[in-house]
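Presented below is the structure to which this report refers.
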Amino acid sequence: MIPDRPLEVLKAIVHDYIASKEPVGSKSLVERHSFGVSAATIRNDMAILEEEELIIAPHTSSGRVPTDKGYRMFVDQLSEVKPISSAEKAAIEGFLSKSSDLDETLVQTARLLSQLTNQVALVQYPSLGRASVKHIELIAIDEKRLLLMLITDSGRIQQQVLDITGGYEPGDVEKFRNALNEALAGRALSEVSSLVKTGNQKFTGKIKHLAEKVIPDLLQLVDANSQEKVLLAGTSNLARRESDFPGSISPVLEAIEEQVVLLRLISEMQADQHGVTLRIGRENTVDALSSTAVVVSGYENQGSEIAKVGVIGPTRMDYSSNMGAVRAVARYLTKSLGGSQ
């Protein structure tokens, strides 16, 4: 059990090291913070923290810097995270209100989060198993072409122009569209293929001709949702902070570009009491990310989490601000998709 004052000293060391990037000594702690004790007493407190492996001296006779364990204790001691400012709230609302569909919304979200935090932002696409068909639309373009639109409950809108050899009757298009929606609306995307195969025998005559042309393309649009995907923005932010990473930054950059690696990592992370979850340093199961901190939060649709949003940066990051930004963006993304808050 760490006494109260050494815990306060740890918080001060984390704050000062994040701000200055310089090892923190007892003299500077006494000068910058109102502990009401001597530098010698602070040195005793720092000795306790060092014994507990919460801080470490990077060089002989230098000040101290937090360890991964020290950052973890600092984060666990946070009573609340820093709320975003009114200007940041307005920026989030402005960014997301301009988005017309899910793809654009997620791209805008990644860009915005990277700007708010100066870290690498990641936004996961909703997976096939978590989305369902909201509506299928068929729109006449001319006598031989139709526009096929697949709209999911996650807000994604996909479309494809179809060439209908031999043309079609407008009335048949309406009948076929209604039949498709009756069979598929509200059903999980993962069920569409089997449902279409089961219902194929119901399409006869001219509608069968339409079905033969439309269904293969519809299944392609559905398959596009099955690809697990993470969007990244702000990778250059890592390069600007290369000195925060021991050795080469290349392994970190290579790891975050591996979709499978990121998807596996964030799928393991579950939110804590602040609505976010963190992996700090060697808590990350990916060796190449052992010098980074990862902060994520889930976003929802219709009351259920459908994917995650977050940031990746060096362990020397402003945890409270970044946690607040990730949580706020996740909540606004939920709101923009029409989910619960």
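Quick notes on this one:
- Considering only residues in region 208-237 that are touching a residue at least 24 places away in the same chain (Cβ under 8 Å), crowded, with 18+ Cβ neighbours inside 10 Å and of a type in the set (Val, Ile, Thr), the one that is nearest to Ser154 (Cα to Cα) turns out to be Val222.
- Within region 1-44, the set of residues being of a type in the set (Asp, Glu) and under 14 Å from Gly70 (Cα atoms) comprises Glu8, Asp16.
- Residues satisfying the stated conditions in region 65-84, i.e. of a type in the set (D, E, K, R) and modelled with pLDDT of 95 or more: Asp68, Lys69, Arg72
- For region 296-341, taking the residues that are of a type in the set (Ser, Thr, Tyr) and within 22 Å of Ala188 (Cα to Cα), the one that is surrounded by the most Cβ atoms within 10 Å (Cβ to Cβ) is identified as Tyr299.
- Filter pass, Arg43 being touching a Ser or Thr at 6+ places or on another chain (Cβ under 8 Å) and surrounded by 12 or more Cβ atoms within 10 Å (Cβ to Cβ): yes
- Selection within region 6-28 - more than 36 Å from the chain's Cα centre (by Cα) and part of a helix (DSSP H, G or I): Ser26, Lys27, Ser28
- Criterion applied to Gly171, Gly166, Gly186 was being part of a loop (DSSP other than H, G, I, E, B) and more than 36 Å from the chain's Cα centre (by Cα), and the one residue passing it is Gly166.
- Being of a type in the set (Ser, Thr, Tyr), modelled with pLDDT of 90 or more and surrounded by fewer than 17 Cβ atoms within 10 Å (Cβ to Cβ) is a property that Ser250 has.
- Leu113 being in contact with a Lys or Arg (Cβ under 8 Å, 6 or more places away or on another chain) and modelled with pLDDT of 90 or more: no
- Test for Ile151: is it surrounded by 16 or more Cβ atoms within 10 Å (Cβ to Cβ), within 32 Å of the chain's Cα centre (by Cα) and touching a residue at least 60 places away in the same chain (Cβ under 8 Å): no
- Whichever residue in region 116-143 is acidic (Asp, Glu) and in a strand (DSSP E or B) and, among such residues, is modelled with the lowest pLDDT: Asp142
- Here region 170-188 is the region considered, the condition is being of a type in the set (D, E, K, R) and within 13 Å of Ala211 (Cα to Cα), and the residue that is surrounded by the most Cβ atoms within 10 Å (Cβ to Cβ) is Arg177.
- Strands (runs of 3 or more DSSP E) completely within region 211-329 that count 3 or more residues being farther than 19 Å from Val120 by Cα and not basic (Lys, Arg): 304-314
The values are calculated or read from the model by the stated rules, or taken from the named source; none is laboratory data. Please read all numbers here as calculations on a predicted model, not as lab measurements. Don't worry about glycine lacking a Cβ; one is built from the backbone with ideal geometry, like all the others, and counts go over all protein chains shown.
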